[in-house]
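Below: one structure, written as structure tokens.
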Amino acid sequence: MKSLTILTIISIALVSCQSGKEEKKEMTALKKIESPTGSNASLPYLIKGGDSRLYMSWVEKRDSGWIDLKYSILSSDSWSAPELIASGNDWFVNWADYPMMAVDNKGNMIAHFPAKSSSGTYSYDVNVVYKPVGGEWSQPVIPHNDGTPTEHGFVTMLPKNDGTFLLSWLDGRNTGGGDHDSHDSHGGGGAMTIRTATLDMTGNLTQEAELDSKVCDCCQTGGAMTSSGPVIVYRDRSEEEMRDMSFVRFIGNDWSEPQTVNSDGWKIAGCPVNGPRIAAFENTTATAWFTAAEGIAKVKVAFMDDSGESFQEPIIVDDSVSVGRVDIVMIDNQSAYVSWLDLEGERPLIKFRKVSSDGSLEKPVVVSETSASRGSGFPQMEVIDGTLFFAWTMVDGQNTSIGCRSFVL
């Protein structure tokens, strides 16, 4: 992925971490969980299924050039035998746009992977496979019907618990297939968009819509299902090249107009490849993101206000030498845990901490040392029954493997 180097814009500043002092708390030690993955495994994705079990998907690269997408289920700190979801030798799997899965409360499953649509560098399609309860994994379904050899990816998948799944993705049908950040909404090539559709367990697509007509080209999207309906967050892109976070909600029978989460004012002539994450607890949501506005790298969290129509003022979770790559989970309607990748000197560390809607923060906890390279991907975090679970790609030269740990709250 082509992105603007942001190390030159990171300057260390001592900025207050919102009101309130950090709470001191005795922390339980992190526990290692043996990974179920094979050799050359990378890009884990953790998800709490609708059955309240923890699922992990990942990819394994074979010497032949084929890639396998697999998954496993955690039970009593032990992973089940891996199961194959799909395989291919034309996939466009990379550190930022990686496969993932979702599971509803009936046990229906879906997963996605990006596959090349032409020889162009960023020409690939979203491929979705589904597995009904008691059935087998389907052949791939492409949720976008434009047929253009352009970029389609950075998918969010949410179970609607009625036998269907909501999909959203970045859609480059208007870009003409150019390189990242070369798109001009007033020139020959248009802008990247974000679109949505609903998929059922027979492969039918309905409720297709465009959510925003101009967004950042290669940042992950995020989504959460509240008791009032879905919320999608993403990195937006203004005419002035402001790359701040926006969100849309499904209200009644239609999607809302895009709204800004917070006006960070990060003007950057390139995609930082650093998207937001969002979590929900009943009808409350909290979103986490990375910004380097004013040349200061920060991880922020914002809780949605009581009206459900906007987010409160953000809470600064980290403003040292953050690399971003965030994740977030909620444990009640006022508290969340956020994870991110940080640099302490030359040591890249995966950290997490508790943040509350009143601005209070608990002391950060180090999950593991890792790599700041693209190969280390985006560390994952999920919460099940009062325990946080973590998974990340470990890089050793040309070899990769997956680390897993848990933390009892």
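Answer yes if at least one residue in the stretch 379-392 is touching a residue at least 12 places away in the same chain (Cβ under 8 Å), closer than 24 Å to SER78 by Cβ, among the acidic types (Asp, Glu) and touching a Phe, Trp or Tyr at 6+ places or on another chain (Cβ under 8 Å), and no otherwise. Yes, there is a match, as at least one residue in the stretch 379-392 is touching a residue at least 12 places away in the same chain (Cβ under 8 Å), closer than 24 Å to SER78 by Cβ, among the acidic types (Asp, Glu) and touching a Phe, Trp or Tyr at 6+ places or on another chain (Cβ under 8 Å).
Restricting attention to the stretch 203-256 and to residues that are assigned to a loop (DSSP other than H, G, I, E, B), open to solvent by 20 Å² or more (accessible area, probe 1.4 Å) and among the polar types (S, T, N, Q), the residue that is nearest to GLY172 (Cα to Cα) turns out to be SER213.
With respect to (1) more than 20 Å from the chain's Cα centre (by Cα); (2) open to solvent by 10 Å² or more (accessible area, probe 1.4 Å), the lone exception for GLN259 is condition (1).
Pairing residues of the stretch 347-361 that are crowded, with 18+ Cβ neighbours inside 10 Å with residues that are among the small types (Gly, Ala, Ser) and assigned to a strand (DSSP E or B), at Cβ distances under 7 Å and at least 6 apart in sequence or on separate chains, gives ILE350/SER339; ILE350/SER368; LYS351/SER339; PHE352/SER339; LYS354/SER335; VAL355/ALA336; SER356/SER335. Scanning the stretch 263-279 for residues that are assigned to a loop (DSSP other than H, G, I, E, B) and open to solvent by 30 Å² or more (accessible area, probe 1.4 Å) yields a count of 3. In the stretch 26-41 there is at least one residue matching the filter, namely being modelled with pLDDT under 50, part of a loop (DSSP other than H, G, I, E, B) and of a type outside the set (S, T, N, Q). Taking the options ASP342, ASP319, name whichever one is surrounded by fewer than 24 Cβ atoms within 10 Å (Cβ to Cβ), in contact with a strand residue (DSSP E or B) (Cβ under 9 Å, 6 or more places away or on another chain), modelled with pLDDT under 95 and not small (Gly, Ala, Ser). ASP319 is the lone residue from the list that is surrounded by fewer than 24 Cβ atoms within 10 Å (Cβ to Cβ), in contact with a strand residue (DSSP E or B) (Cβ under 9 Å, 6 or more places away or on another chain), modelled with pLDDT under 95 and not small (Gly, Ala, Ser).
Of the candidates LYS48, LYS61, the single residue that is open to solvent by 60 Å² or more (accessible area, probe 1.4 Å) and within 20 Å of the chain's Cα centre (by Cα) is LYS48. Exactly one residue out of ASP90, ASP125 is open to solvent by less than 40 Å² (accessible area, probe 1.4 Å), among the acidic types (Asp, Glu) and in contact with a strand residue (DSSP E or B) (Cβ under 8 Å, 6 or more places away or on another chain), and it is ASP125. When GLU294 is tested against the conditions (1) open to solvent by less than 30 Å² (accessible area, probe 1.4 Å); (2) outside any loop (DSSP other than H, G, I, E, B); (3) farther than 28 Å from THR387 by Cβ, the lone failure is (1).
Scanning the stretch 399-409 finds no residues that are of a type in the set (Phe, Trp, Tyr), open to solvent by less than 20 Å² (accessible area, probe 1.4 Å) and under 26 Å from GLY265 (Cα atoms).
The values are calculated or read from the model by the stated rules, or taken from the named source; none is laboratory data. Only a predicted model underlies this, so the values are computations on that prediction, with no experimental measurement involved. Positions of Cβ are generated from backbone atoms using ideal geometry, with glycine treated the same way; all protein chains shown enter the neighbour counts. The protein model used for the area step is the full one, side chains on, heavy atoms only, and it has no ligands, DNA or RNA in it. Shrake-Rupley method; radii C 1.70, N 1.55, O 1.52, S 1.80 Å.
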